[in-house]
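These notes concern the structure reproduced below.
The values are calculated or read from the model by the stated rules, or taken from the named source; none is laboratory data. Not measured: the values here are computed from a predicted model. All Cβ positions, glycine included, derive from the backbone under ideal geometry; neighbour counts span all protein chains shown. Ligands, DNA and RNA are excluded from the accessible area calculation, which covers all protein heavy atoms including side chains. Shrake-Rupley method; radii C 1.70, N 1.55, O 1.52, S 1.80 Å.
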Amino acid sequence: MAGTRIATSPANDKGSALLGDAENMTTVGFIGSGAIGSTIARLAVEAGHQVVLSNSRGPETLADTAAELGSRASAATSGEAAAAGDIVVVTVPVKAFPYFPAAPLAGKTVIDTCNYGSERDGHIPELDSKSLTSSELLLRYIPDAMLVKAFNNIFFKHLLSLARPAGAADRSYLPIAGDSASAKAAVTEFIESIGYSVLDAGPLADSWRQATGTPVWGTPYGPFSNEKGQPVGEDAIRAALSAATR
């Protein structure tokens, strides 16, 4: 079981063998391993990275997922996943931000995939008033991390199916936002390794441009009913970001 490879879709198969570079292997920790987290983990494993999964229910509940992903995957507590990751992916409800393991994230590059929804998270005044972005709110709880917003604008099934090797004519773009140039560089390298090109969307204060309901959120990659999605180039992502209003 531990070495079992996961099944991949035909669309992903055609690029997966070209995505990885063993010399640039990264350990990616996951705080939250739901639909988007497990999809990023799958692409990361296929690209040759190590992944350490965690959730709020304990590592034993992720044993099957880790086994399915194969020998490059393991399950741990949130604190252990945070400590293990060269990059740490946060993919949890915004209401969970106060309970984060802040200490092991100090100095780490952290990818924030989270979207705020008051119907799930309850009303958070700073987000309702738009005085903060959700990423800026997260940074209050993990102030010593280097935070980059990414992956929050794409449906998890599209994320899996649209991955393409570098140089592919139909390779899609994902926007990222952050304040640390070095963290952005690390996240860009990681995203490029798993099958996507990257558009720098500015600082964390501008990450509202890719939040829920904005033009770049979901729509460019096609409707949810089309699980394969549609490739999206740089110009379309740039235009969608520019069209956002607050």
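Here region 134-163 is the region considered, the condition is being among the hydroxyl-bearing types (Ser, Thr, Tyr) and in contact with a strand residue (DSSP E or B) (Cβ under 8 Å, 6 or more places away or on another chain), and the residue that is surrounded by the fewest Cβ atoms within 10 Å (Cβ to Cβ) is Ser134. Does region 46-53 contain any residue that is open to solvent by 30 Å² or more (accessible area, probe 1.4 Å) and closer than 29 Å to Ser118 by Cβ? No, region 46-53 contains no residue that is open to solvent by 30 Å² or more (accessible area, probe 1.4 Å) and closer than 29 Å to Ser118 by Cβ. Residues of region 70-116 that are in contact with a strand residue (DSSP E or B) (Cβ under 6 Å, 6 or more places away or on another chain), farther than 15 Å from Ile142 by Cβ and part of a loop (DSSP other than H, G, I, E, B): Arg72, Ala76, Asp86.
Look at Lys228 and say whether it is over 17 Å from Lys130 (Cα atoms) and in a helix (DSSP H, G or I). So Lys228 does not fit the description; no. Cβ separations smaller than 9 Å between residues 6+ apart or across chains give the following pairs from region 219-246 residues that are over 12 Å from Pro175 (Cα atoms) and of a type in the set (Phe, Trp, Tyr) to residues that are open to solvent by less than 60 Å² (accessible area, probe 1.4 Å) and in a helix (DSSP H, G or I): Tyr221/His158; Tyr221/Leu159; Phe224/His158.
If we keep just the residues of region 109-124 that are out of contact with any Ser or Thr (no Cβ under 7 Å at 6 or more places or on another chain) and within 28 Å of Val28 (Cβ to Cβ), which is surrounded by the fewest Cβ atoms within 10 Å (Cβ to Cβ)? So the residue we want is Arg120. Could you please find all residues in region 24-45 being of a type in the set (Gly, Ala, Ser), closer than 16 Å to Val187 by Cβ and surrounded by fewer than 22 Cβ atoms within 10 Å (Cβ to Cβ)? Residues satisfying the conditions do not exist here. Residues in region 167-179: is at least one open to solvent by 20 Å² or more (accessible area, probe 1.4 Å), in contact (Cβ under 8 Å) with a residue 12 or more places away in the chain, more than 25 Å from Glu46 (Cβ to Cβ) and in a loop (DSSP other than H, G, I, E, B)? Scanning region 167-179, I find at least one residue that is open to solvent by 20 Å² or more (accessible area, probe 1.4 Å), in contact (Cβ under 8 Å) with a residue 12 or more places away in the chain, more than 25 Å from Glu46 (Cβ to Cβ) and in a loop (DSSP other than H, G, I, E, B), so the answer is yes. Taking region 202-225 as the range and being touching a helix residue (DSSP H, G or I) at 6+ places or on another chain (Cβ under 6 Å), part of a loop (DSSP other than H, G, I, E, B) and open to solvent by 20 Å² or more (accessible area, probe 1.4 Å) as the test, only Pro215 passes. Cβ-Cβ distances below 9 Å connect the following pairs, each with a first residue in region 145-159 that is farther than 15 Å from Ser207 by Cβ and touching a residue at least 60 places away in the same chain (Cβ under 8 Å), a second residue that is open to solvent by 10 Å² or more (accessible area, probe 1.4 Å) and of a type in the set (Asp, Glu), and a separation of six or more residues or different chains: Phe155/Glu227; Lys157/Glu227; His158/Glu227. Looking only at residues that are among the β-branched types (Val, Ile, Thr) and open to solvent by less than 10 Å² (accessible area, probe 1.4 Å) in region 88-108, which one is farthest from Ser135 (Cα to Cα)? Within region 88-108, the match that is farthest from Ser135 (Cα to Cα) is Val88.
Step by step: first the residues of region 3-41, then only those that are part of a loop (DSSP other than H, G, I, E, B) and touching a strand residue (DSSP E or B) at 6+ places or on another chain (Cβ under 9 Å), then the one that is modelled with the lowest pLDDT. Which residue is that? So, considering only residues that are part of a loop (DSSP other than H, G, I, E, B) and touching a strand residue (DSSP E or B) at 6+ places or on another chain (Cβ under 9 Å), the one modelled with the lowest pLDDT is Met25. When you scan region 42-51, do you find a residue that is of a type in the set (Lys, Arg) and part of a loop (DSSP other than H, G, I, E, B), even just one? No: zero hits.
Quick check on region 119-166: of everything there that is among the aliphatic types (A, V, I, L, M) and part of a helix (DSSP H, G or I), which residue is nearest to Ala106 (Cα to Cα)?
Only one residue tops the list, namely Leu139.
Just one of the listed residues (Ala239, Ala186) is outside any loop (DSSP other than H, G, I, E, B) and surrounded by 15 or more Cβ atoms within 10 Å (Cβ to Cβ), namely Ala186.
Of the residues making up region 60-68, not a single one is open to solvent by less than 50 Å² (accessible area, probe 1.4 Å) and assigned to a loop (DSSP other than H, G, I, E, B).
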